[in-house]
Each structure stands twice: as structure tokens, then as C-alpha cells.
Amino acid sequence: MFVLAILLVITAVVLYIIGRVNDSRGLKFGGLGAAIAGLFSLIVSMTYVISAYEVGVPVAFGKVGSPMSSGMHVKSPFTDVTTFSTRPVDLNLSDKDVVEVRSSQGGVMYAEVTVKWAVHPSKAVELYKLAGSEDAIQQRLVYPDSREIVRNVFARYSSEQGYASDREKINAEIARLIKERLAPRGIDVTTVNLRNVKPSDALQGQIDRKIQQQQATERALEAARTAKAESDRRRIEAEGIARANKILNDSLTDKVLMNQCIDAYKEAAAKNPVYTVPCGGGSANPLIVAGPRRSTW
């Protein structure tokens with residue numbers, strides 16, 4: 001724009017001189033119009049508008065100036081302004097950028113991570129010196145540092161912790177380390193989301209075999225517990241029967257057995273004429289039960 005302004009001014013001078021020499025009013029008015037256009041172009045080249053949620057870094061003759069906030073600014077025509085957005089930007093580490101990590105046991109997994117980051121306005125000059133542009137900030141700073149930290153964190157955990165039990169803890173640790181790494185450079189990390197962790201095919205095979213072994217072990221333990229419970233039940237039942245038999249044996253004296261035998265044969269005598277009752281010891285006389293009568297021999 002500044003070059004255009006210079007050309008228009010030169011054109012205006014030439015037209016005015018020619019118009020004056022030839023006494024041509026049209027050329028004079030053309031020169032005046034070119035002068036006005038050149039002046040307007042010069043004013044435009046000396047102003048710069050920074051949009052909302054942006055910060056600008058002015059550079060003149062290789063010298064970096066102070067950050068420019070949102071609004072209109074007056075600058076030298078020889079000053080170039082590089083702008084950075086202060087809105088959060090998503091870095092998606094997935095698909096072709098998915099992070100291949102290894103656990104402390106050597107198992108390979110694939111982690112999908114989203115890092116939401118933004119440029120801190122007061123650090124725009126430092127970021128310009130480090131990277132040069134917003135895309136370069138992501139590719140040179142956020143991208144490699146995030147991948148490195150994700151790998152380092154997963155390397156401290158086992159495979160099972162990585163894809164299952166400790167994912168929230170790993171996510172929190174990754175977020176903390178990325179923030180600590182990028183904050184001094186002027187990059188604010190607002191959110192880190194560990195979206196998915198997928199085991200490799202080899203690791204998935206190991207996981208499946210381990211699950212099958214655990215299930216087989218659980219079935220064996222359950223069978224052992226069932227067998228032990230059945231054995232305990234039978235032992236308790238046998239002990240109860242033994243105690244009952246002991247009590248019964250202790251209570252069955254000869255006199256008691258004699259009375260029970262006689263009562264039994266009394267009941268039988270009600271249906272049959274006469275029975276010889278084999279009750280009593282060898283020294284006792286046999287008993288004859290004949291209907292309601294009882295006599296000794």
C-alpha cells in the first residue's frame with residue numbers, strides 16, 4: 001500500500017506539471033485526484049486494525065516491537081504486523097497423529113489426546129521469536145511437547161493401568177505436565193482430554209489370554225470352595241449322628257431295652273394268639289404273651 005501511495009503521488013506531480021505546461025485543466029484535476037488517492041493510500045498504509053481476540057507483533061527493519069492489542073494502531077509504513085489468535089485452539093492427536101506409547105511392561109498402546117491451548121497476549125513477542133506464526137507454535141512447540149509428555153507418562157504405568165484402571169489419573173498427570181511445560185513460553189493450556197486408549201493387536205491377545213486364565217482360576221477356586229463346603233457339611237452331619245448314637249447308647253440300659261421289647265410284643269400279641277418273647281438275658285425266664293394275659297414258665 002505504501003508503494004502504491006508513492007506511485008500515485010509521483011503520478012499526481014507529473015500530471016500537474018504537464019497540465020500546467022499545456023494549460024490543461026483536465027490534467028490538473030487528474031493530478032489532484034491522484035494526489036488525493038496517494039494521500040489516502042499513505043494513511044491506510046500507516047494504520048493497522050487488530051481484530052477482537054487477537055494480538056499483533058510489529059516488526060520494522062528486523063526489530064520486534066511491543067505487542068499490539070485489539071483496536072486501531074498507527075504504525076510506520078515499513079512495519080509488518082503478525083497476528084496471533086488468543087482464542088483456544090484444539091490440537092487433536094488422533095488418526096495419523098495418534099500417539100504410540102509403551103507401558104512399563106513393554107506393551108504397545110495407541111492414545112488419542114486433545115490439547116486445547118491459547119496464546120497468552122503478554123507473551124506474543126516471545127512466541128513470535130520462538131516460532132514466528134500461530135501454525136508454527138502448534139507444530140514446533142505444542143505438538144512435539146505434548147507427544148513427548150504422553151509417552152513419558154504412560155511409560156510409568158502398566159498396560160492394565162494405561163487402558164483401564166488408571167486412565168483418569170494418567171489424564172490428570174499429562175494435563176499437569178503439559179501445562180507446566182508450555183506456560184513459561186506463553187501458551188495457556190486450558191484442557192487436556194485423554195479420549196481413548198487402544199491396545200495393539202499383540203497386547204490385546206495377551207489381555208484376552210490373561211482374562212481366560214483368570215476366569216479358569218476363578219472357576220477352579222469356586223469348585224474348590226464348593227467341594228470344601230460339601231465336605232464340611234458331611235463332616236458336621238456325621239459328627240451329629242455320632243453324638244446322637246452315643247447319647248442313645250448311653251441311655252439304653254438292659255432294663256430300658258427289656259421294657260421296650262415287652263411293649264413291642266404287647267402290641268404284636270393284640271393281633272396274634274401267643275408269642276414267645278425273646279426278651280431278657282440268658283438267666284431270665286422267657287415270657288409268654290397270650291392275648292391280655294401274661295404268665296412265667
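The values are calculated or read from the model by the stated rules, or taken from the named source; none is laboratory data. All values derive from a computational prediction rather than experimental measurement. Cβ atoms come from the backbone with ideal geometry, glycine included; neighbour counts cover every protein chain shown. Just the protein is used for accessible areas: all its heavy atoms, side chains included, with ligands, DNA and RNA removed. Shrake-Rupley method; radii C 1.70, N 1.55, O 1.52, S 1.80 Å.
Scanning segment 61-85 for residues that are within 44 Å of the chain's Cα centre (by Cα) and aliphatic (A, V, I, L, M) yields Val64, Met68, Val81. Residues considered: Ser133, Ser94. Of these, the only one that is modelled with pLDDT under 90, over 19 Å from the mean Cα position of the chain (by Cα) and among the hydroxyl-bearing types (Ser, Thr, Tyr) is Ser133.
For segment 46-77, give me each residue that is closer than 20 Å to Lys129 by Cβ, open to solvent by 40 Å² or more (accessible area, probe 1.4 Å), part of a loop (DSSP other than H, G, I, E, B) and not small (Gly, Ala, Ser). Across segment 46-77, the qualifying residues are Phe61, Pro67.
Among the residues of this structure, Glu218 counts as one that is exposed (fewer than 11 other Cβ atoms within 10 Å of the Cβ) and either at pLDDT below 85 or not hydroxyl-bearing (Ser, Thr, Tyr) (or both). Scanning segment 137-155 for residues that are touching a residue at least 60 places away in the same chain (Cβ under 8 Å) and either closer than 24 Å to Asp97 by Cβ or of a type outside the set (A, V, I, L, M, F, W, C) (or both) turns up nothing. Against the conditions (1) of a type in the set (Gly, Ala, Ser); (2) within 16 Å of the chain's Cα centre (by Cα); (3) within 29 Å of Ala124 (Cα to Cα), Ala183 satisfies every one except (2). Here is a check on your reading of the model: is Ser165 small (Gly, Ala, Ser), touching a residue at least 12 places away in the same chain (Cβ under 8 Å) and surrounded by fewer than 16 Cβ atoms within 10 Å (Cβ to Cβ)? No; evaluated as a whole, the condition is false for this residue.
Can we say Glu112 is under 22 Å from Asp188 (Cα atoms), charged (D, E, K, R) and at pLDDT below 90? No, not satisfied.
Is it true that Ala111 is crowded, with 16+ Cβ neighbours inside 10 Å and within 29 Å of Pro58 (Cα to Cα)? So Ala111 does not fit the description; no. A single entry from Val57, Val81 fulfils the requirement of being at pLDDT 65 or above and in contact with a helix residue (DSSP H, G or I) (Cβ under 8 Å, 6 or more places away or on another chain): Val57.
Scanning segment 173-192 for residues that are open to solvent by less than 70 Å² (accessible area, probe 1.4 Å) and assigned to a strand (DSSP E or B) yields Ile187, Asp188, Val189, Thr191, Val192.
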